[in-house]
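Structure record follows, encoded as structure tokens.
We did not get these values from a lab; they are worked out from the coordinates using the rules stated. This is a predicted model, so every value here is computed, not measured. Counting neighbours? That spans all protein chains shown, and the Cβs are built from the backbone with ideal geometry, glycine included.
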Amino acid sequence: MSILYFFLYLLLVTVIGLLYMGVARKVTAHIQNRYGPPIYQPILDVLKLFGKRHTVTHGVMHSLGPVIAYTGIASTLLFLPLGNHTPLLHFKGDLFVVLYLLVVGPLGMALGAGESSNPNATIAMARALSLMLGYEIIFFMATLPVFYHYHTASIYKVIQAQGVFPHWGAIIFPISFLAALFALQGMMGEKPFEIAIAPHEIASGPMVEYGGKYLGLLQLWHAVGIIVETGLLVDIFFGPQNIIWFFIGTFIVFYVVILVNAVMPRFRIEQAVRFYWGIPLLLAILGILQVYIWR
Amino acid sequence: MKLFNFSQSRSLWMMHFCTGCGAMEMPPTMTSRFDMERFGIIPMATPRQSDLLLITGYLTIKTLKRVVRAYEQMPTPRYVLGFGSCTINGGMYWDSYNVIKKLELYIPVDIYINGCMPRPEAIIDAFLKLREMIAKGEANAWKKYIENYEWYKKNQSEVFDVEKWSIKNEK
Amino acid sequence: MAMFLLLLIIGLTGLLAFILGPIKVLRNIISLIGAIGGLLYFVFKIRPGQAYALNIKIYNVHFGTGMSALSIFFGIILLGLFLIFLIASFHEDNDGAYYMFSFFSLLGALGVLFAKDLISFFFFFETMSLFSFLIVLKGNGETSHRSAFKYVMWSAFGAYAFLLGTFLKVNYTHSVMITDISYLGGNIKLWILILLLTPFMVKTALMPFHLWAPGAYTDSKDTYTVFLSGGLSKIGVFGYFIALFNVFSQIAVLYPWLLKVFAYIGAITASLAGIYAFMQDDAKKLLAYSSISQLGYVAVGFGVYSHFSVVAALFHALGHAVFESLLFLVVAGVYYRTKTHDLRKMGGLIKKMPLSFIGLLFGIIATSGIPPTIGFPSKWLLYEAIILKNDLFLVSLVFFASITAFLYSYKLIHSIFLGKLHKEHEHIKEAPFGYGFGIVVLLIPLFVLGTNPGIVVKPIDYIVRFYLKPDLAYNLTNMTTPLGHVNFPAIGITMTLLFTLSFIIYLIFGKSYRAAQEDNYTATEWIDKDFGLHYGGEFYGFMRKAFGKPLTWSFEKILNACLKVVSFLGEIARGFYMGDARVYLFYIILFFAIIVYIMGGKL
Amino acid sequence: MLKNGVLKMKNEEQIKKDIETTFGELVKVHIKRRHRIKVDAPKNMTLPILAYLKQRGFHQFTLLTCVDWIKKGMFELVYNLYSLDYNVHVLVSTHINRENESMPTAINIYEMAFDYEREIHEMFGVEFEGHPRLGEFLLEDWKGMPPMRKDFDTRAYVEEKFNVKDLTKELFTRKEQPYRGPGSNG
């Protein structure tokens, strides 16, 4: 039974992720004062991509890239408790397991894109990994105070500890929550930090040689990625008690990210990394100092 | 198949590759004035990801080489839209030495839109027409390219050195 | 006696290998037998704590040898790696002397493990450095002489500091044995500790003392670097343990600030070396810096000085031995085929060398510490330990260092294996058997120890439990600390399950045909067959602009500056020796006059 | 500007007088209309005139065209120069015969002439001595005769290359009209 439950769970999160992407396109359209596609448009896109007759691959690694990417993000999903609804496995997600599993997705994609020997893809991967130098450390330093405050490294215990409203991480540590928001913008690869998938400069970055079903898998990867990354932030800073609150929280955070994404231009890569070592780093350090003083 | 045809018709990804003078008509269709995205048509950066190729306006031999290469890099099923009279019979460049006269000879075309650069309304019309054709499963021009591949290649070789320009793939 | 028998076997095979130098086949067989014999002997015959202590009293200074569980742990790593290095080195054309030096460097390393007193410790430490220096001297590059010289100068500096430390210790405690000195008064014991620690800091290339490492690792013979970086640097870690636990066990009570400084040096080494690593364009130099960065974590582990931080440090040392030597082995195999280390000239070798690609792929996954492999448990333990010591800035620095691991590991695998195949590499074949065997053998522990770390944590815990209060609950497969709990095989199983799921999705839909190399999206422009599509060199070039000025500071410049000062002083000194007798006479008279003056006429 | 009914063309006369004084009979200069001077120079005098005019103040090399007088068997090369401070255009034109006569390049006087000369070489087949890169410019893999020459029959070429029936032959034929000056024949 649990295997079926396991697939349904994954399917549910993927479809919700795709709906989130549909909402994102609809909201950006309305910001640009046009109607925009229906909410379920990404689902149609994915169906179309999987229906493509035959597509091109440049080698075994090239075709396995999206497969590893989707594996990485799906396994991160299983170790991330959605609200109090814990995933299948009995041991509750641990912060470091989730953070390191988050990297498997981009690594798989990077290997696939590299195999295609297209300069656009490799430049994009160099940018994506260098950007990781920027936001990953900020995200970690921003979430650290909450874990330290509740004396645990397991996300599940942090959620349980943040029961009632005043106990929310975001209320206790507003500074580090702000830093985490900056980091989330980069982690999701949204507009100010859309350097890796910059369609105008490097022809949609790593996906330049992917078509048909590979692109479909990458769309699924992006969809689940949205849920996982915003979910991580919501779990740590808001501690939703049940799964409905979890999805409401992720939607609100994702909404903020889309609004920023719709209006912002794009950084150059060294500007972005420099930016991350400026204000967000300062905010993160302030957050940690707050923990030391407050405790 | 019905589901795929429906989803293909509802989400056409257009390749951002405008050749002739029709490129000027695309921005208003894409942005808020006419907004083609509500039909699920968005411009994509590379031929690998797109399934709709627009030949907007006259096509010189130089651009034809690139267009054929882009067309072959697109995954099937793929659709082609010819804009304006230049793609039908060469238009006002009927006697020019470097503009091709009939697009039909070189790549299969699904829909022609006449008018020396059709306005965005006409383009949106064409998109809707293409949508119906795909939903009904009639837009099979791409099959013609694969079936009589040699005929197309012969036509192309009359105009440019196909040997040098074709992609040698183990098909 | 067993120990001396072991050292004898290894020494003898070294000599035999040298004598039979020209006859390649015979020499290889002999050295193979010697290495396997040594390994088997070590594993079966030698037990911890057995009474092998041999006390020789010469001028009331007596030498002792003994066997602790820790030395067995490191012994197995050393001998195992030596065997892999040996099998891989048969493919390189190197003479008998090369084998003799490598055997004697192994002898020195094992000797260090057995030594119970500081003098024999120093003696074996010196033999190890001497013979590895000789091998670096024979290295393949033309710059090998310069880097070999730097290597020997640095290890000499470490060794003489160690000697000074021993003499100070003997002066105060009148015994040469490695005994505890924390009862000594005043901060003399601090100086002894620092002096004793320096050679190990040099050996594990911590930041201020790391200048020899990139040169030595790059210029020594390819296969020997596997042993040099994987094996010999573990002696430095062994030294840390001896210095911080046996020689000075009360350090946490008396000088906690020293441990914190030591931890921060380790963290800074890890991150700075990581940043230098992804700036390099030479595969071996990149791996050298990555090895320094990984050893930085070990130093952090010792610096934090809690029970499972030391367990994490030792586990990471073992992990480093596994995945670092795997990476060096793959790069050696690639060098054997393509005769180049330059990342700019390689590319697209995945088509020609699939096994090496798989080896490197799992090697870099382990280096960046991604769960199912051996790299993750030690890093996870390290983070938990630092958070428990509530030092949040240190944990962020260590996390920053582990992100640089992703960058340089992707650069390595991308520039060598992915991308476009160069014309001249069209016809190369897979790396020969020796390298392939090494890769496969190293892949096994990479996964086995990654999913159930209990196998190794049990012995390490047994060693460390003696010194520090244990608060790590563990069984074969998962570990719980006061902070969190991880079940390692669960991660492995979910990843394989999901991989099959997405692989099925990949198989169901549509078929895809293989595109030729030049059928690439190049904005539909025509490119011919050998058009250079590969973006190998200057991979993170733009990061130089992001780092800007600070990247150009380096210890090298500081050292060159003091080099100039020293040579300037030398010039002045040379001025005194004008060379004719009269002047020397005058100096002698002047010298005596000063002596008389100082003694105040009391002659 | 309108001084007692006659447009004041101070600058143009001044330049005309200067050219005549320096070059005398070798070169014919006449003012076609306000802001426009035409200089007819023989082939060997073109470059000196260009150099003199550049030094005189005509810094902008607007363009270089070539007119194909097929009946006279001559190519007319027209160098258009313009000076900002006098607001005057000067057209220096020379005649070279159509078949295999080459023209020295003007690159070392006016850098801008580089691409114009390449285009004229490709479209008319005029050889420019001393030009580093004359080869292929706009038309890729063009094997036929330079297309802009009058004796190049575009319609026949189109019919042969794009196998498209040329309907105009039946509809109407172009009668040979006498040449009645620029823009006259339809």
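Take every Cα pair under 8 Å in the range D:7-147 that's 6+ residues apart, average their separations, divide by the length, and report that relative contact order as a whole percent.
Working: 231 pairs, mean separation 25.5, N = 141.
Computed over the range D:7-147, the figure is 18 percent.
What stretch of chain C, leaving out the sites themselves, is the longest with no GluC sites (Glu not before Pro) in a DSSP loop having at most 12 other Cβ atoms within 10 Å? Answer - C:143-425. Calculated [222 nm] ellipticity per residue, helices only, for chain C: -22500 deg cm²/dmol; basis is -39500 (n - 2.57) per DSSP H run with n ≥ 4, divided by all residues, nearest 500. For the listed residue pairs B:K65/C:K339; C:K260/C:K557; B:K153/D:K150; B:K164/C:K285; C:K221/C:K351; C:K285/C:K351, the alpha carbons are over 30 angstrom apart in B:K65/C:K339; B:K153/D:K150; B:K164/C:K285. Per residue of peptide A:131-141, the mean number of Cβ atoms on other chains within 10 Å of the residue Cβ is 4. Partner shielding of C:480-488 amounts to 6, given as the average count of beta-carbon atoms from other chains within 10 Å of each residue beta-carbon.
So what is the relative contact order of chain B, in percent, for Cα pairs below 8 Å that sit 6 or more residues apart? The partial results should precede the final answer.
Values: 280 pairs, mean separation 39.9, N = 171.
Across chain B, relative contact order equals 23 percent.
Hey, got a sec? Which chymotrypsin sites (Phe, Trp or Tyr not before Pro) in the range C:367-471 land in a DSSP loop and have at most 13 other Cβ atoms within 10 Å?
Working: sites: C:W380, C:Y383, C:F393, C:F399, C:F400, C:F406, C:Y408, C:Y410, C:F417, C:F433, C:Y435, C:F437, C:F447, C:Y462, C:F466, C:Y467; in loops: C:F466, C:Y467.
Those satisfying the criteria are C:F466.
How much of the DSSP beta bridge set in the protein assembly as shown is antiparallel, as a percent to the nearest 5? Please report the intermediate quantities before stating the final value.
Numbers: 40 of 63 bridges.
Taking every DSSP beta bridge within the protein assembly as shown, about 65 percent pair in antiparallel fashion.
3J(HN,Hα) couplings calculated from phi for the range D:21-36 with the Karplus curve 6.51 cos²θ - 1.76 cosθ + 1.60 (θ = phi - 60°) are, in sequence order, 5, 6, 9, x, 6, 4, 10, 9, 10, 9, 8, 6, 7, 4, 6, 9 Hz; Gly and Pro show x.
Among C:L443, D:L91, rank each residue by its count of other Cβ atoms within 10 Å, from fewest to most, as a rough exposure measure. Can you show the working numbers first?
Numbers: C:L443 20, D:L91 16.
With the fewest neighbours first, C:L443, D:L91 line up as D:L91, C:L443.
Using a/c under 1.5 as the rounded threshold, could you call the range C:255-486 rounded, prolate or oblate? The axes a ≥ b ≥ c are square roots of the C-alpha gyration tensor eigenvalues, and prolate needs a/b larger than b/c, oblate otherwise. Note, shape of the range C:255-486 comes out prolate. Ordering B:M36, A:M125, C:M599 by the number of other Cβ atoms within 10 Å of each residue's own Cβ, fewest first, gives C:M599, B:M36, A:M125.
Under 12 Å from a point 7 Å along the Cα-to-Cβ line of C:N187: which residues of the range C:219-246 have their amide N that close? None, by backbone N distance to the label point.
Counting 0.36 nm for each residue step from A:I248 to A:I3 and taking away their Cα separation leaves a gain of 85.5 nm.
Here the relative contact order of chain C, from alpha carbon pairs under 8 Å that lie six or more residues apart, stands at 11 percent. Legend: P(r) of chain A from all alpha carbon pair distances, 10 Å bins from 0, whole percents, reading 6, 27, 36, 23, 6, 1, 0.
Would you mind ranking B:K136, D:K16 by Cβ crowding within 10 Å, fewest neighbours first?
Numbers: B:K136 10, D:K16 16.
Starting with the residue having the fewest Cβ neighbours, the order is B:K136, D:K16.
Spatially, the range C:427-486 and the range A:183-222 are offset by 36 Å when compared through their Cα centroids.
Translational diffusion of the range B:2-165 was estimated from the Stokes-Einstein equation, with Rh taken as the Kirkwood radius over Cα pairs; at 10 °C and 1.306 mPa s the coefficient is 100 µm²/s.
Identify the trypsin sites (Lys or Arg not before Pro) of the range C:377-453 meeting these criteria: DSSP loop state and at most 13 other C-beta atoms within 10 Å of the C-beta. Those satisfying the criteria are C:K429.
Semi-axis lengths, largest first, of the ellipsoid equivalent to the protein assembly as shown are 69, 42, 30 Å, with √(5λ) applied to each eigenvalue of the Cα gyration tensor. Amide H to amide H, with H built 1.01 Å from N, B:Y112 comes under 5 Å of B:G82, counting only residues 5 or more places away or on other chains. For the range C:382-445, just say rounded, prolate or oblate: build the C-alpha gyration tensor, square-root its eigenvalues into a ≥ b ≥ c, call rounded for a/c under 1.5, and beyond that prolate if a/b exceeds b/c, oblate if not. Oblate.
Any idea what the dipole of the range C:255-486 comes to, in debye rounded to 20, about its Cα centre with Lys/Arg Cβ at +1 and Asp/Glu Cβ at -1?
On the way: 18 positive and 11 negative charges, 93 e Å.
Charge dipole, the range C:255-486, about its Cα centre: 440 debye, nearest 20.
Straight-line reach from C:K169: taking Cα to Cα under 19 Å and skipping same-chain neighbours fewer than 8 places apart, the lysines in range are C:K57, C:K116, C:K189. The Cα atoms of the range C:554-599 give a gyration tensor whose axes a ≥ b ≥ c have a/c of 1.5 or more with a/b no greater than b/c, which makes the shape oblate. Among the chymotrypsin sites (Phe, Trp or Tyr not before Pro) found in the range C:132-206, those both in a DSSP coil and sparsely packed, with 10 or fewer other Cβ atoms within 10 Å of their Cβ, are C:Y183. A Förster distance of 60 Å, applied to the separation of the beta-carbon atoms of C:A473 and B:T31, puts the FRET efficiency at 0.45. Placing dummy labels 7 Å off each Cα toward the beta-carbon, the span from D:E159 to C:H174 is 12.3 nm.
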